[in-house]
1. Those residues that are in contact with a helix residue (DSSP H, G or I) (Cβ under 6 Å, 6 or more places away or on another chain) and assigned to a strand (DSSP E or B), I need them from the stretch 31-42; list them, please.
2. Could you count how many residues in the stretch 190-209 are in contact with a strand residue (DSSP E or B) (Cβ under 9 Å, 6 or more places away or on another chain) and either buried (at least 16 other Cβ atoms within 10 Å of the Cβ) or among the polar types (S, T, N, Q) (or both)?
3. Take the residues in the stretch 43-79 that are within 13 Å of the chain's Cα centre (by Cα) and under 11 Å from Val206 (Cα atoms), then tell me which one is surrounded by the most Cβ atoms within 10 Å (Cβ to Cβ).
4. Could you list, in sequence order, all residues of the stretch 112-129 that are over 19 Å from Arg90 (Cβ atoms) and surrounded by 18 or more Cβ atoms within 10 Å (Cβ to Cβ)?
5. Those residues that are aliphatic (A, V, I, L, M), more than 15 Å from Glu175 (Cα to Cα) and open to solvent by 20 Å² or more (accessible area, probe 1.4 Å), I need them from the stretch 95-111; list them, please.
6. Tally time: how many residues in the stretch 80-94 are more than 14 Å from Val17 (Cβ to Cβ), among the aliphatic types (A, V, I, L, M) and surrounded by 14 or more Cβ atoms within 10 Å (Cβ to Cβ)?
7. For the stretch 138-236, please list each of the helices (runs of 4 or more DSSP H) lying entirely inside it that holds at least 2 residues being over 29 Å from Arg21 (Cα atoms).
8. Quick one: in the stretch 133-156, of everything that is of a type in the set (A, V, I, L, M, F, W, C) and either closer than 14 Å to Glu106 by Cα or under 18 Å from the mean Cα position of the chain (by Cα) (or both), which residue is modelled with the lowest pLDDT?
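The values are calculated or read from the model by the stated rules, or taken from the named source; none is laboratory data. Values in this document were obtained by computation on a predicted structure and should not be read as measured data. Cβ placement follows ideal geometry from the backbone for every residue including glycine, while neighbour counts extend to all protein chains displayed. These accessible areas exclude ligands, DNA and RNA; they are computed on the full protein's heavy atoms, side chains included. Shrake-Rupley method; radii C 1.70, N 1.55, O 1.52, S 1.80 Å.
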Amino acid sequence: MGQVKGETGGGGPVLKVSGLRYEVADRVLLDGVNLQVCAGESAAVVGPSGSGKSTLLGCVLGLIRPAQGKVEVAGQDVARMRQRALERHRSRHMGVVFQFGELLPELTPVENVALAALLGGTPSNNAYERAEALLRDLGVPYDRAPTGQLSGGERQRTAVARALINQPALLLADEPTGALDRATRDSVTELLFDVPKRWGCALVVVTHDFEVADRADRCLELTAAALVPRKAGDRS
């Protein structure tokens, strides 16, 4: 796929979060949070339910506006962007994989994946060619079967393909294996953490599963509104 859009030529971070603070209903969820992830690198964020993991992802996507701090993706501060510019930047530079895939079950895998490219302005022929190539590379049947008839692992692989179709600089995964059985979880995990090396993007995975998190280049934990390093294998 070559160099992804938004990749920094000098090896700087694709994602740079600095001094992030967010609170709701007098509860501080993020306080002085810093995070940097470069192209080709993966980072996992763990923490119990309600610790602020999803809030952090929301800030990175520009869906949540922090009270303080910067969230730079591909060199632009998404926390300060106007809505239309933010939507364009998100479409061009970010891909997301959700826990349940969020695919349209009545569409085929290739239609689901191509749709993301079409919405990003890619011509129809190119969108479908790229979708087929990605799905073939990820081992997903993409012919006439509706996505709703695929296995859980095949659906998540389709979701990964959809997230990659616009060649994002940053791939975000929100509990991507939370709804899968153990064998399928391991297969999808291997695929996800292979993405930065194969496609050259930065990867951030939010998960409660320590075994998944331990596959990342770096693992961090959200605790007491702070993001701190966590040693591999530490379950405390």
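1. Matches in the stretch 31-42: Ser42 only.
2. Within the stretch 190-209, residues that are in contact with a strand residue (DSSP E or B) (Cβ under 9 Å, 6 or more places away or on another chain) and either buried (at least 16 other Cβ atoms within 10 Å of the Cβ) or among the polar types (S, T, N, Q) (or both) number 13.
3. Leu56
4. Pass one, the stretch 112-129, residues over 19 Å from Arg90 (Cβ atoms): 123-126, 128-129.
Residue satisfying the conditions is Tyr128 alone.
5. Filtering the stretch 95-111 for residues aliphatic (A, V, I, L, M) gives 96-97, 103-104, 107, 110.
Within this subset, residues satisfying the condition of being more than 15 Å from Glu175 (Cα to Cα) are 103-104, 107, 110.
Within the stretch 95-111, Leu103, Leu104, Leu107 qualify.
6. Of all residues in the stretch 80-94, those more than 14 Å from Val17 (Cβ to Cβ) come to 81-93.
Imposing the further condition that a residue be among the aliphatic types (A, V, I, L, M) reduces the set to 81, 85-86.
Then keep just the ones that are surrounded by 14 or more Cβ atoms within 10 Å (Cβ to Cβ); that gives 81, 86.
Selection size over the stretch 80-94: 2.
7. On the way: elements: 152-164, 182-199, 210-213.
The qualifying helices (runs of 4 or more DSSP H) are 152-164, 182-199.
8. Looking only at the stretch 133-156, we keep the residues that are of a type in the set (A, V, I, L, M, F, W, C), and these are 133-135, 138, 140, 145, 150.
Adding the requirement that they be either closer than 14 Å to Glu106 by Cα or under 18 Å from the mean Cα position of the chain (by Cα) (or both) leaves 134-135, 138, 145, 150.
On the way: Leu134: 92, Leu135: 91, Leu138: 87, Ala145: 83, Leu150: 86.
So the residue we want is Ala145.
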